[in-house]
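First up is the structure itself, then whatever we jot down about it.
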Amino acid sequence: MNKALPSAENPIALQNPASAAAAKATHAKLRKRPEDEVPADPTAAAPTDAAATPTDQDVLVAQAAPAAAAEGSASAGGGAAAAPAEGAASTGGSAGAGATVPVAAGGGGIGLGTLALGGAGVGLAVAGAHGGGGGGGAAPAPAVTPAPTPGPTPVMLIHGFSEYTAANNQGGATAATNATADVSPGHTSLVDISGGFARGALPKALGDLRPMSYNVSGANAATINDGGIVVDLQGNPDARVTAHSDAAGSSNLMWMQNLLVRDQASQGVVVSIASATAAGAGSDAEIGIQHLSMDLAGSGSVNGLTDLTATATAGGAAHALASDVNLHVDSSAIGTTLAPVSSYIHMGNGEGSEPGLFASASGAGSSANVGVAGNVSLSGHGDDIYVYNSGVFAQGTNGGSAHTDIGGNMTFASTGRDAHAYALVDASTDGGGSVGDVHVHGNVELQSTASESALTRAAVHADGGGTVEIDGHLNLDSSGPAANSFMQVSAQGGDGHVSVGSLGMHIAGGGHGWMDLYTDHSGGLNIGAVNLTAATNSDVTLHVQNANDALSGGSVDGTFLGHGDGTANVSIATANLGGAGEMHMFLNSQTFGTINQAGTIGRLDLHYQLADHDDFPGVGSAPMTTINGYSASHDEVTYNGVLADATNFTDAGSFNSLAALNTGLDAALDGTHKYVFAVYNGTEDINHNGIADDHNAGILAWDDNGTGVSSVLVLPGVTALAATDLAWPAPPPPPPPPVA
């Protein structure tokens with residue numbers, strides 16, 4: 001076995017998830033982190049000073065954006081949707097050595113379901129078609145779409161990769177080469193793909209640009225054309241397939257339609273790397289793969305890794321481009337809690353030590369770009385299954401400019417006895433004119449469905465001047481008897497920011513959810529909404545600008561960063577809370593304009609930790625949150641750790657105008673009384689929602705020192721409130737002993 005490859009033979013530390021009760025006690029302590037436990041491939045790690053910025057990626061994204069936009073956004077309290085089906089598992093043998101693979105062409109591009117291998121054909125196993133436990137095997141294969149007869153080669157001039165893919169989709173698609181990997185004496189397979197052409201050959205029509213020929217070593221095909229290659233490993237225990245475009249003072253472009261690594265009797269570790277590396281001024285390296293994919297199946301532990309990286313240094317330009325990325329693993333192994341059989345499909349290794357989608361630019365004038373015009377989809381089924389990306393990174397240093405751009409959605413779907421999904425997104429710079437940006441034009445969804453234990457974990461970080469934009473939603477969905485989710489979104493160390501359409505967490509099973517939002521500067525977080533759902537016997541804890549400290553029970557590791565309390569205000573329009581579980585919010589800013597809670601919620605407690613403000617004279621100017629569905633039977637509000645009681649709470653009465661309301665609140669907030677309740681019976685729009693619907697609303701005002709109003713809660717329909725209604729009631733007495 002090749003010791004340079006990550007080996008599935010190394011033991012994996014077993015950490016069993018705690019019960020729901022233990023989860024509540026320890027909060028974020030029950031994480032199992034497979035990204036640490038799977039040995040990293042040292043030869044696959046991207047250099048730390050690498051980078052890439054786009055040439056025609058904007059065009060690729062523009063082509064994919066309408067489909068991505070159609071995916072929709074998160075519903076209130078909803079979880080992530082299941083990953084789309086990805087084709088069918090092969091049931092037959094592969095074609096002979098060097099055979100070509102017909103590829104269907106169409107206006108929307110081709111999926112892996114339309115790749116045919118010889119007479120048998122191969123696609124990808126349907127991600128969501130398996131049961132919750134291991135041993136299920138692949139779902140029945142749908143019919144493979146036959147490759148249509150190629151039309152006339154398009155005559156459009158090609159200036160870049162996006163126009164090349166468009167020409168393929170308009171009738172110019174050609175067959176991929178079907179190859180088998182050579183096996184070395186150490187029972188490893190090392191397949192290398194190199195070569196290319198200079199950008200100076202452009203523009204040309206597709207027919208004039210062909211033939212594009214690339215060199216192959218370690219396989220039974222010595223050369224391939226731009227149809228690409230399907231490498232069938234045929235059960236070889238360890239394998240590595242590398243396609244690379246390298247430039248040092250020159251230009252090298254490698255474009256192909258397909259890079260598919262497959263094995264229906266997989267064992268050991270399979271690594272597939274597509275990379276572009278440009279070193280030095282005038283260097284121009286680009287790799288473009290229309291369909292980058294991996295399809296693995298086996299009866300034991302299966303481990304597949306695919307990376308797409310661009311590295312630029314000293315003024316070079318590197319581009320690693322794809323139209324779509326589809327990775328799938330299916331293991332029929334059956335294990336137990338004490339003897340799990342672990343399988344993996346992933347991009348990258350470690351918690352960011354080897355990013356899977358990585359643009360790295362170092363040095364003035366360096367530019368690096370990793371771009372996927374469509375979707376990035378990872379799915380897996382197995383006994384103890386891990387589906388993850390250990391780094392969607394853009395890193396700009398020493399004046400370099402790095403961009404990672406996903407035109408569609410990113411989905412991570414795992415199904416098994418124990419199911420795990422993980423994603424880490426990070427954009428970073430070191431200042432000095434460097435640029436680092438990650439942009440996902442669609443949604444990011446992680447879903448784990450398990451017959452025993454489900455876990456989802458995600459983090460999004462903007463470091464220094466780095467920026468991250470997720471136009472759609474970031475959703476975590478864990479379903480199983482034990483279900484747990486963890487998420488952190490942060491911006492710190494500079495003036496960078498994270499923008500997300502909405503954040504969602506869905507806990508369907510007994511367990512715990514933890515979400516941490518933090519920035520150390522104004523404007524660091526721009527989040528449209530937060531949607532949380534917890535089933536019976538589960539809970540979700542939300543921290544906003546609240547310290548994450550391992551010594552105080554926080555979650556701090558290679559993914560979740562430690563930090564103190566934040567002082568910058570974080571403003572989020574809406575929180576939508578659903579399910580029958582419990583919600584706990586620790587808010588060091590007013591945060592939400594509106595909190596909508598379902599009547600089914602078992603408990604909601606709001607813990608505000610706010611600075612006293614003397615410059616807000618009353619309702620209308622003070623920070624305000626409307627809480628819909630407030631109920632004294634299951635809601636609690638606490639300011640600065642002090643519960644409302646008979647000494648610090650008072651009722652100021654009812655008022656028919658805003659002016660009268662503010663006069664009454666100002667008089668009642670006298671420094672001794674810090675919680676003041678009143679009822680507004682006027683017709684003005686006091687909560688600024690554009691509708692005069694605040695008549696008969698309860699108003700809870702808080703201030704610490706008796707000058708001004710520091711915080712206001714609007715409670716529609718609440719006309720009476722006592723101090724005991726704000727504090728969670730004592731637990732009920734235990735049931736009487738059974739009758740003898």
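The values are calculated or read from the model by the stated rules, or taken from the named source; none is laboratory data. No experiment lies behind these values; they were computed from the predicted model shown. Cβ: placed from backbone, ideal geometry, glycine included. Neighbour counts: every protein chain shown.
Some notes on this structure:
- Residue satisfying all of: in region 634-659; charged (D, E, K, R) and under 38 Å from the mean Cα position of the chain (by Cα); surrounded by the most Cβ atoms within 10 Å (Cβ to Cβ) among these: ASP635
- Residue within region 383-405 that is in a loop (DSSP other than H, G, I, E, B), touching a residue at least 12 places away in the same chain (Cβ under 8 Å) and within 28 Å of SER162 (Cα to Cα) present: yes
- Subset tally (residues that are of a type in the set (Asp, Glu) and not in a strand (DSSP E or B)) for region 343-382: 1
- Of all the criteria given as (1) crowded, with 24+ Cβ neighbours inside 10 Å; (2) small (Gly, Ala, Ser); (3) within 29 Å of THR559 (Cβ to Cβ), the one not satisfied by ALA278 is (3).
- Any chance ASP612 is among the charged types (D, E, K, R) and in contact with a Lys or Arg (Cβ under 8 Å, 6 or more places away or on another chain): no
- Exactly one residue out of ASN484, ASN531, ASN537 is in contact with a helix residue (DSSP H, G or I) (Cβ under 9 Å, 6 or more places away or on another chain) and buried (at least 24 other Cβ atoms within 10 Å of the Cβ): that is ASN484.
- Residue satisfying condition, being touching a His at 6+ places or on another chain (Cβ under 7 Å) and under 23 Å from SER377 (Cα atoms), within set SER293, SER323: SER323
- For region 470-488, the criterion of being free of Cβ contacts under 8 Å to residues at least 60 places away in the same chain, more than 22 Å from HIS506 (Cα to Cα) and not aromatic (Phe, Trp, Tyr) is met by none of the residues.
- One residue alone among ALA459, ALA427 is closer than 19 Å to GLY501 by Cβ and surrounded by fewer than 24 Cβ atoms within 10 Å (Cβ to Cβ), and that residue is ALA459.
- Any hit, region 615-622, residues being among the acidic types (Asp, Glu), in contact (Cβ under 8 Å) with a residue 24 or more places away in the chain and either part of a loop (DSSP other than H, G, I, E, B) or farther than 22 Å from ALA723 by Cα (or both): yes
Residue by residue, here is whether (1) among the aliphatic types (A, V, I, L, M); (2) surrounded by 24 or more Cβ atoms within 10 Å (Cβ to Cβ); (3) touching a Ser or Thr at 6+ places or on another chain (Cβ under 9 Å) holds:
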site	(1), (2), (3)
THR336	no, no, no
SER353	no, no, yes
GLY356	no, yes, yes
GLY380	no, yes, yes
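- Where GLN257 falls short, out of the listed (1) within 19 Å of ASN375 (Cα to Cα); (2) crowded, with 24+ Cβ neighbours inside 10 Å; (3) within 25 Å of the chain's Cα centre (by Cα): (3)
- Selection count, region 189-213, where residues are closer than 17 Å to SER275 by Cα and either of a type in the set (Phe, Trp, Tyr) or in contact with a helix residue (DSSP H, G or I) (Cβ under 7 Å, 6 or more places away or on another chain) (or both): 1
- Every listed requirement among (1) surrounded by fewer than 18 Cβ atoms within 10 Å (Cβ to Cβ); (2) within 33 Å of the chain's Cα centre (by Cα); (3) touching a residue at least 60 places away in the same chain (Cβ under 8 Å) is met by THR165 save one, (1).
- Taking each residue of region 655-666 that is closer than 14 Å to PHE677 by Cα and looking for partners that are modelled with pLDDT of 95 or more and aromatic (Phe, Trp, Tyr) with beta-carbon atoms closer than 7 Å, six or more apart or interchain, yields PHE655/TYR680; LEU661/PHE655; LEU661/TYR680; GLY664/PHE655.
- Where ALA550 falls short, out of the listed (1) in contact with a Gly (Cβ under 7 Å, 6 or more places away or on another chain); (2) crowded, with 23+ Cβ neighbours inside 10 Å: (2)
- Looking at ASP557, ASP565, ASP520, ASP612, just one residue is more than 16 Å from GLN492 (Cβ to Cβ) and over 20 Å from the mean Cα position of the chain (by Cα), and that residue is ASP612.
- Condition met for VAL329 (assigned to a strand (DSSP E or B) and farther than 28 Å from GLY400 by Cα): yes
- Residue check for ALA611: surrounded by fewer than 18 Cβ atoms within 10 Å (Cβ to Cβ) and in a loop (DSSP other than H, G, I, E, B): yes
- Residues of region 454-497 satisfying the condition of being among the polar types (S, T, N, Q) and either touching a Ser or Thr at 6+ places or on another chain (Cβ under 6 Å) or more than 19 Å from VAL544 (Cα to Cα) (or both): THR456, THR467, SER478, SER479, ASN484, SER485
- Residue check for ASP635: among the acidic types (Asp, Glu) and over 25 Å from GLY504 (Cβ atoms): no
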